[in-house]
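Engineer: Quick one: structure below, then a few questions.
The values are calculated or read from the model by the stated rules, or taken from the named source; none is laboratory data. Being a predicted model, the structure only gives us computed values, none of them experimental. Note that we place each Cβ from the backbone using ideal geometry, even for glycine, and neighbour counts take in every protein chain shown.
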Amino acid sequence: MIRSLLICGLLAGVCGGLLATGFAEIVGEPPLEQAIAFEDAQAEAEHGAAGAAGQSHGAEQAPPVSRDTQRFVGLPLAAIVYGLAIGGLFALAFAFAYGRVGDASPARTALWMAAAGFFVFFLVPFLKYPANPPATGDPSTVGERTLLFFTMLATSLLAAVAAARVRTALVGRSGRDLGRIPSQMTAAGAATTVAIGAYLTIVVVAGVALPSVDEIPAGFPANELWKFRLASIGTQAVLWTTMGLVLAVTAPRVLAGKPILQR
């Protein structure tokens, strides 16, 4: 059964990656082109200033991979590979969580986990270290910025795992052991509230403790930066929503012993 669920996750990841690529092409490409144009303008200004000062930077070299190749070959291929990786992990997480965290149906579990994955795996790290278009970062700090982003990502994931364990431990107790619970709140609801509070506390403390990164150059259009970041959020939302919907359709069939796809 794990093998079949893994296949479902891989299928969900490929579908999500392809749809996310289409969304990025439509919504994210315009601000990206504006960022590239800004970078080119900055480079021309620097070369003009160097020429006026009598300095020579030599002939410009063409990029090793053309923009069209990046856009129409590299991006879809990267999206498929990324979708396969995330989809596989998503399926394994679903197999672990179903029946252990809450008593929701397979479809509802898949949708809830997709929402949680979007929040934990993307949105929380993004809020601390949002995506920036080309020409807005210092190349010399790429390693440092990457390390900080993955530190926040790891913190978010570990906090989510810890919160899930806390909820599982608390939900096994009676309502009296959880303190004064309002009459309209079940023991499971109270445990969920405590777990969410614990997760938010950890990630907020980590977000405050980790250093901020602000390398947006002066003169970069704020409107284009906003559009690029919204496109980044939308792309990930499409990815996770698609994965959740695909797994919500296929996982119940696997658990019922039916073929993944209807013949």
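Engineer: At pLDDT 85 or above, exposed (fewer than 15 other Cβ atoms within 10 Å of the Cβ) and either outside the structural domain of A20 (by TED's automatic domain parsing) or part of a helix (DSSP H, G or I) (or both), is that true of F96? Spell out how you get there, then give the answer.
Structural biologist: Working: at pLDDT 85 or above: yes; exposed (fewer than 15 other Cβ atoms within 10 Å of the Cβ): yes; either outside the structural domain of A20 (by TED's automatic domain parsing) or part of a helix (DSSP H, G or I) (or both): yes.
Yes; evaluated as a whole, the condition is true for this residue.
Engineer: So, A188, is that one in a helix (DSSP H, G or I), touching a residue at least 40 places away in the same chain (Cβ under 8 Å) and either surrounded by fewer than 17 Cβ atoms within 10 Å (Cβ to Cβ) or not assigned by TED's automatic domain parsing to the domain that holds Y98 (or both) or not?
Structural biologist: Details: in a helix (DSSP H, G or I): yes; touching a residue at least 40 places away in the same chain (Cβ under 8 Å): yes; either surrounded by fewer than 17 Cβ atoms within 10 Å (Cβ to Cβ) or not assigned by TED's automatic domain parsing to the domain that holds Y98 (or both): yes.
The answer is yes for A188.
Engineer: Restrict the check to segment 69-77 and report whether at least one residue is among the aromatic types (F, W, Y), touching a Gly at 6+ places or on another chain (Cβ under 6 Å) and either buried (at least 18 other Cβ atoms within 10 Å of the Cβ) or modelled with pLDDT under 90 (or both).
Structural biologist: To start, the set of residues in segment 69-77 that are among the aromatic types (F, W, Y) comprises 72.
Retained after the next criterion (residues that are touching a Gly at 6+ places or on another chain (Cβ under 6 Å)): none.
For segment 69-77, residues among the aromatic types (F, W, Y), touching a Gly at 6+ places or on another chain (Cβ under 6 Å) and either buried (at least 18 other Cβ atoms within 10 Å of the Cβ) or modelled with pLDDT under 90 (or both): absent.
Engineer: Being touching a helix residue (DSSP H, G or I) at 6+ places or on another chain (Cβ under 9 Å), assigned by TED's automatic domain parsing to the domain that holds V14, more than 23 Å from L239 (Cα to Cα) and surrounded by fewer than 15 Cβ atoms within 10 Å (Cβ to Cβ): is that true of R165 here?
Structural biologist: Spelling it out, it is not the case that R165 is touching a helix residue (DSSP H, G or I) at 6+ places or on another chain (Cβ under 9 Å), assigned by TED's automatic domain parsing to the domain that holds V14, more than 23 Å from L239 (Cα to Cα) and surrounded by fewer than 15 Cβ atoms within 10 Å (Cβ to Cβ).
Engineer: Given the options V142, V171, V203, name the one that is closer than 27 Å to L89 by Cα and at pLDDT below 80.
Structural biologist: The match here is V171.
Engineer: Only one of (1) small (G, A, S); (2) without any contact (Cβ under 8 Å) to a residue 24 or more places away in the chain; (3) under 29 Å from C8 (Cβ atoms) fails for S140. Which number is that?
Structural biologist: Every condition holds for S140 apart from (3).
Engineer: Sticking with this one: Find the residue count for segment 207-235, including only residues that are assigned to a helix (DSSP H, G or I) and aliphatic (A, V, I, L, M). Let's see the steps before the verdict.
Structural biologist: Residues of segment 207-235 that are assigned to a helix (DSSP H, G or I), as a first pass: 207-209, 222-235.
Filter once more, keeping what is aliphatic (A, V, I, L, M): 208-209, 222, 225, 230-231, 233.
Number satisfying all stated conditions: 7.
Engineer: May I pose another question? Of these, E33, E60, which one is among the charged types (D, E, K, R) and modelled with pLDDT under 75? It would help to see each step written out before you state the result.
Structural biologist: Working: E33 fails: modelled with pLDDT under 75.
Of E33, E60, the one residue that is among the charged types (D, E, K, R) and modelled with pLDDT under 75 is E60.
Engineer: Scan segment 175-200 for residues that are modelled with pLDDT of 50 or more, hydroxyl-bearing (S, T, Y) and over 19 Å from A115 (Cβ atoms) and report the count.
Structural biologist: Qualifying residue count, segment 175-200: 1.
Engineer: For the list (1) at pLDDT below 85; (2) surrounded by fewer than 16 Cβ atoms within 10 Å (Cβ to Cβ), I need the number of the one condition that P133 fails.
Structural biologist: Unmet for P133, out of (1) at pLDDT below 85; (2) surrounded by fewer than 16 Cβ atoms within 10 Å (Cβ to Cβ): (2).
Engineer: Against the definition (in the same structural domain as L6 (by TED's automatic domain parsing), part of a helix (DSSP H, G or I) and either touching a Ser or Thr at 6+ places or on another chain (Cβ under 7 Å) or among the aromatic types (F, W, Y) (or both)), how does V238 come out, yes or no? Don't jump to the end; show me each part of the working.
Structural biologist: Details: in the same structural domain as L6 (by TED's automatic domain parsing): yes; part of a helix (DSSP H, G or I): yes; either touching a Ser or Thr at 6+ places or on another chain (Cβ under 7 Å) or among the aromatic types (F, W, Y) (or both): no.
Judged against the criteria, V238 is not a match.
Engineer: Could you tell me whether any residue of segment 36-45 is assigned by TED's automatic domain parsing to the domain that holds A20 and modelled with pLDDT of 85 or more?
Structural biologist: no
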